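The values are calculated or read from the model by the stated rules, or taken from the named source; none is laboratory data. Remember, predicted model here, so these are calculated numbers, not experimental data. Every residue, glycine as well, gets a Cβ built from its backbone with ideal geometry; the counts of neighbours run over all protein chains shown. Just so you know, the surface numbers come from the protein's heavy atoms only, side chains and all, with ligands and any DNA or RNA stripped out. Shrake-Rupley method; radii C 1.70, N 1.55, O 1.52, S 1.80 Å.
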Amino acid sequence: MDGDMDDPDNELPTLLTPRDGTPSVTDTDAGYEAMIAALADGRGPLGIDTERAHGFRYSPKAWLIQLRREGAGTYLLDPVALAPDDELADLSGLRDAVADAEWVIHAATQDLPCLVEVGLKPDRLFDTELAGRLLGYPKVSLGAMTEQFCGVHLLKEHSAADWSTRPLPEDWLAYAALDVELLGELRDAMATELVAAGKDEWARQEFAYLVEDAERRRPAREEPWRRVSGLHDVHGRRQLALVRELWTAREGIAARRDKAPGRILNDRVIIAAATRPGLTAGNLADLSGFRKGVAKRYLTVWSDAVRRVETMAPEEYPAVRPPRRGHGAPRTWQGHNPEAYARFTTAREALHRVAEQHTLPPENLLAPDTWHQLCWQPPRSISPVAVDELLAAAGARRWQRELTREPLAAALAG
């Protein structure tokens, strides 16, 4: 393979260019059909990755999809160019053509949502990041895994680039192609180590769960405006109402323009407005953050948002603290549910011991929300069987239940 430049910090060869050269972007119907035919004739697993434009665009859609399969080579697919106006591309024909292949993805939970929305969902999956976690590696980025298993260093200088840029620069295309260059080789090496560690069945169950979960819709976050950076500086319900209305107005603009909200109006400008004494729709423009850049174009929208607060009855203001949903974070239990907190501390110690015994991150041994719920509301009759049933209902895989049901039952009973 190309790329023998030494990295002084790594002492491994750096992979600079794809072995077959940097492929051109597939952005026509004819090119897409040719790509499908080539990948269908390929052999072995299908390496796949996506590039989005987080921080630049509102939509989390894929702006580039990279695919590689032995016997076919690497393809860089522009799904936006193949889509009808203001719609998503339908790539189900590609999915059908490679239905026999196991898909190899690094950090599949990041890529699967934008793949599924264009009709791409695997039947079988191998997640190299999750495999690294199951094997107990402290660093599981793609770069760390290729260094560990393939003996090469990958450059990651374009990971935060604006992939909605057109045309894409040549060095970005090379970077994108290299993200799938070694996925097949990496998969084989990691699969061998999983077998040696006795964790291959664990991995199989985990990967199958990711496939099953790929199309599940996540519930919308309640009061998402409360995630505005700097909200801790906002005091009083009227100030919170100002944050909420400005945030909502910004979301509408960002969604219509497909721009990241922070590029429309920065969080710190929202906080500055909400905390300014005597703020009104009439003097909003006195704040410098509303007089420059993109924000200036929408001054009327921001003023209308403030005006809504001015005409709002106080009981319509949001609560200073959001209403408690479910059991809350365990750190808050000690004061109002000490019994649940005692169960939590005992269960945490037990699960950490199991995780250490099997060289696993505790969060991969069992999802925290799952066992937190058990500590908050244990079964009436505590036993490994009862714990197993509740864990299964919460989606825990069989291998997780086998390792944790008895320690959890003992912790809950204690």
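All conditions but one from (1) touching a helix residue (DSSP H, G or I) at 6+ places or on another chain (Cβ under 6 Å); (2) part of a helix (DSSP H, G or I) apply to residue 300; the one that does not is (1). In this structure, is residue 100 at pLDDT below 95 and out of contact with any His (no Cβ under 9 Å at 6 or more places or on another chain)? Answer is yes for this residue.
You will find that of 248, 275, 300, the residue that is hydroxyl-bearing (Ser, Thr, Tyr) and closer than 30 Å to residue 63 by Cα is 248 and no other. Restricting 119, 143, 132 to those that are farther than 23 Å from residue 202 by Cβ, open to solvent by less than 30 Å² (accessible area, probe 1.4 Å) and assigned to a helix (DSSP H, G or I) reduces the list to 143. From the list 186, 125, 134, 154, the lone residue that is more than 22 Å from residue 26 (Cβ to Cβ), at pLDDT below 95 and touching a helix residue (DSSP H, G or I) at 6+ places or on another chain (Cβ under 6 Å) is 154. Taking (1) more than 27 Å from residue 218 (Cβ to Cβ); (2) touching a residue at least 40 places away in the same chain (Cβ under 8 Å) in turn, residue 100 satisfies each apart from (2). The set of residues in the range 108-146 that are in contact (Cβ under 8 Å) with a residue 24 or more places away in the chain, closer than 17 Å to residue 191 by Cβ and charged (D, E, K, R) comprises 124, 127, 133. Looking only at the range 65-83, filter to residues that are surrounded by fewer than 22 Cβ atoms within 10 Å (Cβ to Cβ) and touching a Phe, Trp or Tyr at 6+ places or on another chain (Cβ under 7 Å); which one of those is nearest to residue 163 (Cα to Cα)? Going through the qualifying residues, I end up with 80.
Taking the criterion of being among the charged types (D, E, K, R), within 16 Å of residue 243 (Cβ to Cβ) and either outside any loop (DSSP other than H, G, I, E, B) or in contact with a Lys or Arg (Cβ under 7 Å, 6 or more places away or on another chain) (or both), the residues of the range 303-337 that qualify are 304, 307, 308, 310, 316.
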